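Scroll down for the structure; my scribbles are underneath it.
The values are calculated or read from the model by the stated rules, or taken from the named source; none is laboratory data. No experiment lies behind these values; they were computed from the predicted model shown. Methodologically, a virtual Cβ is constructed for each residue, glycine included, from the backbone with ideal geometry; neighbour enumeration extends over all protein chains shown.
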């Protein structure tokens, strides 16, 4: 079995502008007054924050207010517990260092500062080292409802709460190890699709695999792409979206479109299932032993 004791790497400099050319990304122009003095690849409490303009603090406050109004009864209890634990400020952009300290206390994970897109091979290695990459720029005020490319609200409010949960964090670590072991484009593609339909757009229902007992009102959200988008929160739970039970073999071969809200999503019964079934799938594919 691959060890989780890899040496934490320093992220190499990534040239600016390497975000996907297929999406119009407006968050970049909403730049801080002064950038972070910390180099890309700085980890944890050593990360120094940028100087944000009042517009950025106002954007964070508005996003936080809108999201908070929609969360209760729609997101999973584990997400809410993590959100409470990390104690996000409501009126200002938080620093990566303060949130990283909370993650480290909860599950031993840390934040690593990045400036944009992280290549897949580096991303897998970071997760295998229990480091989650976060940007420190926030979306443009015109993209409050949805942004097709990640900003810090997506990173911090979408992903971090669940990484405080030991079971989800264990799954995420296993995912990183599996990705680190991937050697073919096909394997990387499988992992990318599983990531999309779980980490980004996953739903939870305790009777996901028991149609006779399943009740739609029991479905909750855990995917970061949904949680960090006020438009996706209500859309994902509506009858417009078809819900199917989680099956990593199915997810690995299901294509998706990042440019539109999703029309089919998948429900896990619990994070126990997410971790155990992913480990079985990854073992079957020779990515975990």
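Please pick out the residue among 55, 45 that is modelled with pLDDT of 50 or more, surrounded by fewer than 19 Cβ atoms within 10 Å (Cβ to Cβ), in contact with a helix residue (DSSP H, G or I) (Cβ under 6 Å, 6 or more places away or on another chain) and part of a helix (DSSP H, G or I). If you could, list the steps in order and put the result at the bottom.
Details: 55 fails: in contact with a helix residue (DSSP H, G or I) (Cβ under 6 Å, 6 or more places away or on another chain).
45 is the lone residue from the list that is modelled with pLDDT of 50 or more, surrounded by fewer than 19 Cβ atoms within 10 Å (Cβ to Cβ), in contact with a helix residue (DSSP H, G or I) (Cβ under 6 Å, 6 or more places away or on another chain) and part of a helix (DSSP H, G or I).
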_Every residue from region 68-85 that is surrounded by fewer than 21 Cβ atoms within 10 Å (Cβ to Cβ) and assigned to a helix (DSSP H, G or I)_ = 68, 69, 70, 71, 77, 78, 80, 81, 83, 84, 85
_Restricting to region 15-42, name every residue that is under 20 Å from the mean Cα position of the chain (by Cα) and either modelled with pLDDT of 90 or more or assigned to a helix (DSSP H, G or I) (or both)._
40, 41, 42
*Selection from region 199-234 of residues that are within 15 Å of residue 258 (Cα to Cα) and either out of contact with any strand residue (DSSP E or B) (no Cβ under 9 Å at 6 or more places or on another chain) or without any contact (Cβ under 8 Å) to a residue 24 or more places away in the chain (or both)*: 199, 200, 224, 225, 228, 229, 231
_Failed condition for residue 62, given (1) surrounded by fewer than 16 Cβ atoms within 10 Å (Cβ to Cβ); (2) on the phi > 0 side of the Ramachandran plot_ = (2)
